[in-house]
Amino acid sequence: MLKKEIIKLWKSGLSKDKLAKIYKRRYNARIKIIRSDVQNRHAGKFITEFEALHYVEKVILNFLKNEKKSHH
C-alpha cells in the first residue's frame with residue numbers, strides 16, 4: 001500500500017484505525033505470499049495492528065507537515 005494511497009483514503013474519510021487494519025491485512029498478505037516459497041519461509045515479519053497504526057499515523061503526519069510548509 002503506497003503512501004499516496006493511504007493519504008487518498010484518509011482524505012476520503014476513513015479513520016486511522018480503519019486504514020491501519022487495511023494496511024496490516026495487505027502487508028501481511030504480501031509476507032504470506034513471499035513465505036510460500038520454501039527458500040523464503042522465514043523471510044519477513046508479520047506486523048500487528050499497533051505497528052500498522054504507527055506507520056499510518058507517521059504517513060499522515062508527514063503529509064500534513066509538508067502541506068503546511070507548502071502553504072507558507
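Quick look at the numbers
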quantity: Qualifying positions in the range 20-61 - free of Cβ contacts under 8 Å to residues at least 12 places away in the same chain and either in contact with an Asp or Glu (Cβ under 7 Å, 6 or more places away or on another chain) or within 18 Å of Leu9 (Cα to Cα) (or both); calculated: Arg25, His54, Lys58, Leu61
quantity: Complete set of residues in the range 6-49 that are of a type in the set (Val, Ile, Thr) and over 12 Å from the mean Cα position of the chain (by Cα); calculated: Ile31, Ile33, Ile34, Val38
quantity: Positions within the range 38-72 being of a type in the set (Val, Ile, Thr) and over 15 Å from Tyr23 (Cβ atoms), in sequence order; calculated: Val38
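A short reminder: the numbers here are calculations on the coordinates, not readings from a lab. Because the structure is a prediction, the values reported are computed rather than measured. Every residue, glycine as well, gets a Cβ built from its backbone with ideal geometry; the counts of neighbours run over all protein chains shown.
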